[in-house]
Each structure stands twice: as C-alpha cells, then as structure tokens.
1. Mind checking which residues of the range 369-390 are open to solvent by 20 Å² or more (accessible area, probe 1.4 Å), at pLDDT 90 or above and either part of a helix (DSSP H, G or I) or of a type in the set (D, E, K, R) (or both)?
2. I'd like the full set of residues that are farther than 21 Å from Arg68 by Cβ and either over 8 Å from the mean Cα position of the chain (by Cα) or open to solvent by 10 Å² or more (accessible area, probe 1.4 Å) (or both), limited to the range 187-206.
3. Suppose we filter Ala260, Ala296 for residues that are in a helix (DSSP H, G or I) and under 27 Å from Ile395 (Cα atoms); which single one remains?
4. Which of the residues that make up the range 158-170 are open to solvent by 70 Å² or more (accessible area, probe 1.4 Å), in contact (Cβ under 8 Å) with a residue 60 or more places away in the chain and β-branched (Val, Ile, Thr)?
5. Working carefully through the options Leu362, Leu331, Leu404, Leu353, find the one that is over 30 Å from Arg217 (Cβ atoms), touching a residue at least 12 places away in the same chain (Cβ under 8 Å), aliphatic (A, V, I, L, M) and open to solvent by less than 60 Å² (accessible area, probe 1.4 Å).
6. Can you pull out the residues in the range 121-157 that are open to solvent by less than 30 Å² (accessible area, probe 1.4 Å) and either farther than 20 Å from Gln20 by Cα or not in a helix (DSSP H, G or I) (or both)?
7. If I ask for residues that are out of contact with any Leu (no Cβ under 8 Å at 6 or more places or on another chain), within 17 Å of Gly106 (Cβ to Cβ) and outside any loop (DSSP other than H, G, I, E, B), which ones from the range 304-351 would you list?
8. Residue pairs, Cβ under 9 Å, 6 or more apart or interchain, first in the range 258-287 and over 19 Å from Val172 (Cα atoms) and at pLDDT below 90, second buried (at least 17 other Cβ atoms within 10 Å of the Cβ) and among the aromatic types (Phe, Trp, Tyr). List them.
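The values are calculated or read from the model by the stated rules, or taken from the named source; none is laboratory data. Small disclaimer: the values here were computed from a predicted structure and weren't measured. Using ideal geometry, Cβ is built from the backbone for each residue, glycine included, and neighbour counts are taken over all protein chains shown. Areas reflect the complete protein model, heavy atoms only, side chains present, ligands, DNA and RNA absent. Shrake-Rupley method; radii C 1.70, N 1.55, O 1.52, S 1.80 Å.
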Amino acid sequence: MSELRRTLGRWDLTAIGINQVIGSAIFLLPADVARLVGPWGPLAFLIIGLLSMCIALCFAEVGSRFDRTGGPYLPARVAFGRFIGFEVSWMMWFTRVTSQASVVNGLALALAFYWAPLAEGWPRILLIGGLTTVLTLVNVAGVKQSSLVVNLLTIGKLLPLALFIVLGIWFVDPANFTPLPAVTREQFGTTALLLIFAYGGYEVTGILAGEAANPQRDVPFAFVMTLAVVATVMTLTSVVATGILPGIAETRTPLADGAALILGGGGALLVSLGSSFSMAGHNMGAILNASRSLFAMAENADLPRWFAHVHPTYRTPVHAILFTSGMALALALSGSFVFLAAVSAVARLVIYLAVSLSTLRLRRQATSDQMGPALFTTPFGIAIPVVASLVSFGILFGATSQQLAAGAAALVAGGILYAIARRE
C-alpha cells in the first residue's frame with residue numbers, strides 16, 4: 001500500500017483548523033450572544049475562547065506523541081482501547097459528513113438571495129452536486145492542492161472579518177457597552193454552550209498528521225495558533241459589532257448590518273461574500289478531514305482495508321474521499337441531515353472528553369511503537385486537562401433530549417459497524 005505524501009507545514013495545518021472553526025456562524029453569533037447577555041457578549045467570547053484553549057492544549061499534547069493520520073482517534077485508542085478509539089473516530093467522521101450536508105444547503109440558500117431559483121429544484125441540485133464534485137476532485141488530486149484551496153478560502157473568509165474589525169473599531173461607541181445587565185445562571189450556561197459549539201472544529205487539526213512534514217512539532221503549534229487566532233477574531237468581531245450597533249440584539253445579521261453602516265451597500269456585499277467563502281471552505285475541509293478519519297480506522301484494521309486504499313499517483317485516500325463525499329451528497333439532497341446534525345452535541349462530548357482524559361492517562365504509559373514521547377506538555381500539571389474535562393462534561397448537561405437520543409443512536413450504530421468490521 002502506498003504511503004500518504006508528507007507535504008503539509010505548520011501554517012497549512014493552522015489554516016485547516018481555522019477554516020473548520022470560523023464558519024458562517026461568526027457572521028450571526030454576536031447578535032445571538034447579545035440576546036442572551038447583552039453587552040457582556042465580547043467578554044463571553046473571550047472567556048469561552050480561553051476555556052476552549054484548555055481543550056486545545058490537551059489535543060496539542062497528545063498530538064505531539066503521534067506522527068500518523070488519525071487525530072484524536074490515536075490517543076483514545078492507545079489510552080482506552082480499540083473500541084473507544086473507534087467510537088471517537090466514527091463520531092468525528094459522522095459529524096463532519098452531516099455538517100458538510102448542512103452547510104452546502106446553507107450556501108444554496110445564501111446564494112438564492114441573489115438568484116431565487118437556487119433555493120429549490122434542479123438549480124439547487126446542480127449547485128450542491130457541482131460544488132461537492134469539484135471539492136471531491138480537488139481532494140483526490142492531492143493533499144497539497146487541497147491545502148492550497150483551504151488556505152485561499154480561509155483568507156477569503158478572514159479578509160472581510162479583518163476589514164470589519166480594522167475599519168469598524170473607529171466607529172465603536174462606548175455607550176453601547178453600558179449599562180451591563182445582571183446575568184442569570186441559566187443565561188450564562190446557555191451562552192457558554194452556544195460559544196463552546198461555536199469554537200468547535202479545531203479538533204480536526206491533528207487528523208492530517210500523517211501528511212505533515214514534521215507532525216510531532218507542527219501539530220501542537222497548529223492547535224495553539226488556531227485557537228489564538230480564532231479567539232482573537234471572534235472576540236474583536238463581537239467588540240466591534242456590539243460597539244457600532246446600538247440595537248445589536250434586535251438584528252439577525254449583525255455583521256452585514258454593521259458593515260453597511262460603515263461601508264454602505266458594498267460592505268454588506270463583502271460580508272456576504274465572506275460568508276459564502278466560509279461555507280465553501282468548511283466543506284472543503286470537511287471532505288479533507290472526514291476522509292482521513294476513515295483512512296486511519298482502516299489503516300489500523302478497525303474498518304475494511306478498502307477504505308485505506310491510496311491512489312498510486314496522487315497518494316490520497318481515494319476510496320475514503322469518494323465514500324465521504326457520496327454520503328454527504330446523499331444527505332444534502334435528501335434533507336435527512338437535519339435530524340442527524342443533533343448528534344454533534346454528544347460527538348463533541350465524546351471527542352473532547354476522550355482527549356482530555358487520555359492526556360492524563362498517556363503521561364503514565366510507556367512509549368511504544370504506537371506512541372512516542374510527548375514533545376509538547378501542557379503547563380500547570382493536571383490543572384488544564386481537568387478543566388478541559390469539566391468543560392467537556394458541561395456539554396452533556398446542556399444537551400437536549402433529542403441531541404442525547406441522536407448521539408446515543410450514532411454511538412450504537414458505530415458499535416455495530418465496529419463489530420461487523422472486526423468479524424472480517
């Protein structure tokens with residue numbers, strides 16, 4: 001079997017992480033948060049960004065022990081066994097595919113604002129099918145090509161946000177940050193959960209370690225830098241949006257409205273373009289990362305070897321890419337992703353908690369041919385992994401009954417698939 005090509009650098013990995021975290025939600029979130037906690041919104045973004053950094057540091061530590069494709073699947077597998085590792089990777093793949101289906105439908109609706117027929121019928125089918133096909137072909141053509149497209153789309157989504165922040169800061173009215181209202185425990189909890197999900201996505205950063213030039217050093221760097229950039233962008237975006245829109249809680253499109261105030265109609269169009277780039281970039285990254293989850297499981301004999309087939313010329317996991325894209329396309333066109341997307345709450349709990357706890361467990365395990373020494377260690381002893389574990393458990397307490405049921409069903413489905421694969 002051919003090996004994957006190691007061509008990704010630390011900034012490629014960072015761009016992939018940023019691309020998966022900063023999606024279309026950032027263009028709406030400042031208003032959603034303001035409706036819950038008012039002018040406390042920017043501080044909420046900062047606090048949850050710091051808590052998310054605790055989880056990311058755990059990912060960085062365990063990621064520094066491995067140089068193979070798989071991400072959180074590998075430390076969970078070594079720390080807690082094959083079945084737990086499989087379930088972690090299965091949930092990673094499952095959520096990426098349902099998210100891809102959801103986002104491509106969102107892109108069709110966003111573009112339908114400019115050409116209404118794209119919202120339904122054959123125009124919608126051709127748009128969704130055409131975009132998925134193009135992104136799939138780029139993924140098959142090579143990881144470097146995929147990374148280049150991700151880099152360009154990441155720049156495309158960050159530029160409008162950067163302009164909004166740099167230009168908007170001059171229009172901020174301090175009066176919009178007062179008075180600071182009292183916040184109930186329920187409001188704080190709802191806001192925290194909303195933002196924990198908003199910061200999610202960085203967990204994909206280490207999946208591509210098997211295609212990185214120096215994974216054990218570059219993966220930790222990428223995790224830390226991803227969260228640093230994302231937290232800065234999200235917090236400053238909230239500061240500017242809150243500062244220039246006196247009625248931010250009353251708008252559904254805070255960044256578009258804010259950009260229109262400072263740049264006119266062209267500003268609103270720029271934000272719309274940024275949102276479209278954001279959604280396209282998300283789907284590019286979803287195929288890239290989800291396919292490697294399948295590949296890693298097959299490479300370790302936890303799925304049929306068919307998924308580990310590498311294209312002899314392009315050195316990409318072509319079967320895993322085609323299967324991932326095919327499933328996402330089927331879900332996108334059928335609309336069945338709406339219910340399946342509820343799995344994301346339990347999926348994040350499983351993934352974050354597995355990595356947080358494996359950080360502690362792997363510190364007590366000897367190195368082997370499966371795991372090397374940690375080239376990066378989180379500071380403050382056990383404090384950060386413990387905080388990360390508590391944050392992960394917080395997702396469980398905030399999940400709805402539908403999310404818990406959907407997540408449990410997905411875990412059971414993964415268990416059945418694991419049993420079938422192990423019998424082959």
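1. Ala383, Val386, Val387, Leu390
2. Gln187, Phe188, Gly189, Thr190, Thr191, Ala192, Leu193, Leu194, Leu195, Ile196, Phe197, Ala198
3. Ala296
4. Listed by number, the list holds a single entry, Ile169.
5. Leu331
6. Selection gives Gly129, Gly142.
7. Ala328, Leu329, Ala332, Leu333, Ser334, Val338, Phe339, Ala341, Ala342, Ser344
8. Close Cβ pairs (under 9 Å, with a partner that is buried (at least 17 other Cβ atoms within 10 Å of the Cβ) and among the aromatic types (Phe, Trp, Tyr)) amount to Leu270/Phe164; Ser272/Phe27; Gly274/Phe27; Gly274/Phe164; Ser275/Phe27; Ser278/Phe27.
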